[in-house]
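The values are calculated or read from the model by the stated rules, or taken from the named source; none is laboratory data. In this text the structure is predicted, and so the values were computed from the model without any measurement. Glycine gets a Cβ as well: all are built from the backbone with ideal geometry, and neighbour counts include every protein chain shown.
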Amino acid sequence: MKQIQFGKTALEISPLIFGGNVFGWTLNEKESMDMLDQIDELGINCIDTADVYSRWVDGNSGGESEALIGKWMKSRKNRDRFTICTKVGMDMGQGGIDISEKHIVKSVDDSLRRLQTDYIDLYYAHKDDETTPPEETLSAFQKLIEAGKVRYIGASNFSAERLEQSIQTSKRESLPQYRVFQPHYNAWVRKEYEGELEAVCEKYGLGVATYFSLGSGLLTGKYSSQQDIENSSRTDYVKKHYSEQLLGFINVLKEVANDHSSSPAAVSLAWLLHQPTVTAPIASATKTSHLEAIKEAVRMELTITELDRLDAAGQ
């Protein structure tokens, strides 16, 4: 287990966090329940979701992932064994990004109802809303913490400037502080996090939970042609990042994976686990076979030479 420090207390989480965006999207209810059982057996005790998952699917209105997780925890009577992370702020019909007090206070009750729980372990501001002052957002979170609805708070998709501003506001106004940051970061896409954001996380000792840890499948090695891209259900992300340079990087991933008798996905996750400021990557799976990469990544030791090769081949 790893620990994320929250002042004098710590939250113990598994080395990898399971990404719950697949529940109610690429996995139906039965498949979701089966996958949750499997990650429990694997020893993963932390699940990341959001109120907006999976609003983008035709016929969905958001909250599907939370509802399935809640149904599973109630049926298995295991809420106390899991760290549940969810998020607020994306468009749930209100017309845009919103981390105002009014929206947060309403949204947390909706999430708690769907999750069938009295509290959320880690509640993220899903995306920065620059029209709302940090004081308002943090004051809203303070009310939730005082009410026992939320234990700790985190931020995702903030600029380095706004993240630091929020933390300084917390200190100045004696408001709750973001303790975890969730960046888009993986072995291929590095510039968004490395640099100013990473420096802020280091400065304040924030836990870091990476999303798109496998680049929406790009770093699993499953895309090797333009036809593969066209057949992807995640076309926008894949098309944006797919390039000849990426193919060269994936070849290096495959070579390192072969040396470990493993997979490119496992090496990609292991690379993140070797990064000093990363607490735990978020990774999803839709098949039992995909969980093998998670198991292998946790026990994989990459050499300095292998890490240097991957860094040299990256962007």
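Selection of the stretch 27-60 for residues being surrounded by fewer than 14 Cβ atoms within 10 Å (Cβ to Cβ), of a type in the set (Gly, Ala, Ser) and either closer than 16 Å to residue 288 by Cα or at pLDDT 95 or above (or both) yields only 43. Against the condition under 19 Å from the mean Cα position of the chain (by Cα), buried (at least 24 other Cβ atoms within 10 Å of the Cβ) and either assigned to a helix (DSSP H, G or I) or of a type in the set (Gly, Ala, Ser) (or both), how does residue 69 come out, does it pass? So residue 69 fits the description; yes. If you go through the stretch 117-142 and keep only what is farther than 21 Å from residue 11 by Cα and of a type outside the set (Ser, Thr, Tyr), you end up with 127, 128, 129, 130, 133, 134, 135, 136, 140. Scanning the stretch 294-315 for residues that are within 22 Å of the chain's Cα centre (by Cα) and under 19 Å from residue 280 (Cα atoms) yields a total of 7. Scanning the stretch 168-183 for residues that are touching a helix residue (DSSP H, G or I) at 6+ places or on another chain (Cβ under 7 Å) and under 13 Å from residue 125 (Cα atoms) gives 176, 177, 178, 181, 183. Residue 196 passes every criterion in (1) closer than 30 Å to residue 309 by Cα; (2) crowded, with 16+ Cβ neighbours inside 10 Å apart from (2). Quick one: in the stretch 269-289, of everything that is part of a helix (DSSP H, G or I) and more than 17 Å from the chain's Cα centre (by Cα), which residue is farthest from residue 25 (Cα to Cα)? Only one residue fits best here, namely 289. Here residue 192 meets each of (1) touching a residue at least 12 places away in the same chain (Cβ under 8 Å); (2) under 22 Å from residue 16 (Cα atoms); (3) in contact with a strand residue (DSSP E or B) (Cβ under 6 Å, 6 or more places away or on another chain); (4) not aromatic (Phe, Trp, Tyr) with one exception, condition (1).
For residue 197, the requirement of being farther than 19 Å from residue 127 by Cα, in a helix (DSSP H, G or I) and among the aliphatic types (A, V, I, L, M) is not met.
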